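Since the structure comes first, as structure tokens, the remarks are kept for the end.
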There are 2 protein chains.
Amino acid sequence: MKIRIIVTLKPGVLDPQGKAIQHALGSLGFAGVADVRAGKLFEIDVADDTDDAAIDAMCRQLLANTVIENYRIERA
Amino acid sequence: MKIRIIVTLKPGVLDPQGKAIQHALGSLGFAGVADVRAGKLFEIDVADDTDDAAIDAMCRQLLANTVIENYRIERA
């Protein structure tokens, strides 16, 4: 079973990577870029009987830093 | 206008980060994790009149390494 986990910085948390990308896009000549937020995506192939609690625990223990990041679980 | 760009490694390209995560999940006691693929997510706030060609160019020139990565554009 394919699971997709999207990890993004919490609103308000400074995103230096996003800022760097935003400036780079500007210097490449792309106008009108107001904001860029960078995040992570994990596509995990797990056994079909894996329950939501286990996937949630994977996120909390390893994939996301829940102090500064939010995560969302999507079933592919 | 919010645009979401998802960048993933092309199939067949070795993903050492994904492998490391897979092993870490195993050592944390999570069974049944067959594969993990790590990718990137960019949430970009662009002007409403930004056309598809410009967004595609942003991906090709900066956000994705098209030799080893695929990218997908999603309008939020």
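The values are calculated or read from the model by the stated rules, or taken from the named source; none is laboratory data. Source: prediction; values computed, not measured. When we count neighbours, we look across all protein chains shown, and the Cβ atoms used for this are built from the backbone with ideal geometry, even at glycine.
Worth a mention:
- When the residues of region A:55-73 are filtered to those that are part of a strand (DSSP E or B) and more than 11 Å from every other protein chain (Cβ to nearest Cβ), the one that is surrounded by the most Cβ atoms within 10 Å (Cβ to Cβ) is A:TYR71.
- Flag if A:ASP52 is acidic (Asp, Glu) and more than 9 Å from chain B (Cβ to nearest Cβ): yes
- Output for region A:1-48, where each listed residue is at the interface with chain B (Cβ under 7 Å from one of its Cβ atoms), more than 26 Å from B:GLY32 (Cβ to Cβ) and surrounded by fewer than 18 Cβ atoms within 10 Å (Cβ to Cβ): A:ALA24, A:LEU28, A:GLY32, A:ALA34, A:ASP35
- Some residue of region A:22-42 being on the phi < 0 side of the Ramachandran plot, basic (Lys, Arg) and in a helix (DSSP H, G or I): no
- Residue tally, condition closer than 26 Å to B:ILE44 by Cα and either of a type in the set (A, V, I, L, M) or part of a helix (DSSP H, G or I) (or both), over region B:1-21: 8
- Some residue of region A:41-50 being modelled with pLDDT of 95 or more and over 24 Å from B:PRO11 (Cα atoms): no
- A:ASP52 surrounded by fewer than 12 Cβ atoms within 10 Å (Cβ to Cβ) and among the charged types (D, E, K, R): yes
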